[in-house]
Amino acid sequence: MSTPARRRLMRDFKKLQEDPPAGVSGAPTEDNILIWNAVIFGPHDTPFEDGTFKLTIRFTEDYPNKPPAVRFVSKMFHPNVYADGGICLDILQNRWSPTYDVSAILTSIQSLLDEPNPNSPANSLAAQLYQQNKREYEKKVSAIVEESWMNE
Amino acid sequence: MEKSSTSKSSKPAPKEESLFTIKKWNAVALWSWDVTCDTCAICKLLLVDACMKCQNEIKTEDCVVVWGECNHSFHRCCIASWLNKSNRCPLCQREWIVQRIGR
């Protein structure tokens, strides 16, 4: 069945393949174009470097008028990521715009990794260490970077 | 065009004798569509074509383009369903006020 949301997602997928942004990738699951798997590579020169972080993106038929639900499947240690992998990012909530596409979503999350917003913490320990103890913060991040290679 | 005939040069030039004359002038004009963008930023299809929803429902004749006062343009159907959620332009976040509707 082809609906506007599904056709828009096919376009997003085509754009992602033809013009792939650096360090992110994503594709719809085989049997449901509304559910995507994605990978974000930790950006260079950040504590997240070399991490391969997996995510799921769940769209509804209201896309692009409503944002998808995005969550990390790989374990994450970040001030704006909840323990269940949910992401606190304004453009995925109240600052959503229907002009965003999958490529924009993934690159926004990628840049959030090294530019956390400690004012709206989703992980209070990560927010506290980020502000007060960078060395300990980076140690915790290294641990989840290593873990990201092991998850199936 | 070179301006050397009128600019003062350090070398003494003979008076009342221009260095060159224009024998031929080919004016070149550039044109572009009178829209800021040719693609609808919401459905990502060309504004000259119908939007995704209308192509689906084979109502391509009714699908028109609307310009906001911010000069951003979208298919009317695309912006209409967004305006149920917010009255801001999806591109610049300014309040959406219709400037004109057309094709």
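Among the residues making up segment B:82-99, a single one is in a helix (DSSP H, G or I) and touching a residue at least 24 places away in the same chain (Cβ under 8 Å): B:82.
In summary, residue A:146 fulfils each of the numbered conditions (1) closer than 23 Å to residue A:37 by Cβ; (2) of a type in the set (D, E, K, R); (3) outside any helix (DSSP H, G or I) with the single exception of condition (3). Would you confirm whether or not segment A:131-147 contains a residue that is touching a Gly at 6+ places or on another chain (Cβ under 7 Å), under 13 Å from residue A:50 (Cβ atoms) and not hydrophobic (A, V, I, L, M, F, W, C)? Within segment A:131-147, none of the residues are touching a Gly at 6+ places or on another chain (Cβ under 7 Å), under 13 Å from residue A:50 (Cβ atoms) and not hydrophobic (A, V, I, L, M, F, W, C). So in segment B:66-86, with the set limited to residues that are under 20 Å from the mean Cα position of the chain (by Cα) and aliphatic (A, V, I, L, M), which one is nearest to the other protein chains (Cβ to nearest Cβ)? Going through the qualifying residues, I end up with B:79.
Looking across segment B:36-53, just one residue is within 12 Å of another protein chain (Cβ to nearest Cβ), β-branched (Val, Ile, Thr) and in a loop (DSSP other than H, G, I, E, B), and that is B:42.
The number of residues in segment A:32-51 being closer than 23 Å to residue A:65 by Cα and of a type outside the set (A, V, I, L, M, F, W, C) comes to 2. With respect to the conditions (1) surrounded by fewer than 11 Cβ atoms within 10 Å (Cβ to Cβ); (2) modelled with pLDDT under 85; (3) farther than 18 Å from residue A:4 by Cα, residue B:23 falls short on a single one, namely (2).
Return the residue satisfying two criteria in turn: it lies in segment B:49-65 and is more than 20 Å from the chain's Cα centre (by Cα) and more than 14 Å from residue B:81 (Cβ to Cβ), and of such residues it is modelled with the highest pLDDT. Per the stated criteria, the residue is B:55.
The residues of segment A:57-80 that are free of Cβ contacts under 8 Å to residues at least 24 places away in the same chain and crowded, with 22+ Cβ neighbours inside 10 Å amount to a single one, A:72.
Of the strands (runs of 3 or more DSSP E) that lie entirely inside segment A:23-109, those containing 2 or more residues that are of a type in the set (A, V, I, L, M, F, W, C) and in contact with a Lys or Arg (Cβ under 9 Å, 6 or more places away or on another chain) span A:35-41, A:52-58, A:69-72. Please tell me if residue A:83 is surrounded by fewer than 21 Cβ atoms within 10 Å (Cβ to Cβ), of a type in the set (Gly, Ala, Ser) and modelled with pLDDT of 95 or more. Judged against the criteria, residue A:83 is not a match. Screening the candidates A:7, A:95 for the property of being within 14 Å of chain B (Cβ to nearest Cβ), at pLDDT below 95 and out of contact with any helix residue (DSSP H, G or I) (no Cβ under 7 Å at 6 or more places or on another chain) yields one hit, A:95. Just a yes or no: is a residue in segment A:14-36 out of contact with any strand residue (DSSP E or B) (no Cβ under 8 Å at 6 or more places or on another chain), within 12 Å of chain B (Cβ to nearest Cβ) and of a type outside the set (S, T, N, Q)? Yes, the conditions are met somewhere in segment A:14-36.
Please tell me if residue A:47 is touching a helix residue (DSSP H, G or I) at 6+ places or on another chain (Cβ under 6 Å) and modelled with pLDDT of 95 or more. Against the criterion (touching a helix residue (DSSP H, G or I) at 6+ places or on another chain (Cβ under 6 Å) and modelled with pLDDT of 95 or more), residue A:47 qualifies.
The values are calculated or read from the model by the stated rules, or taken from the named source; none is laboratory data. Being a predicted model, the structure only gives us computed values, none of them experimental. Ideal geometry is used to build each Cβ from the backbone, glycine not excepted, and the neighbour counts take in all protein chains shown.
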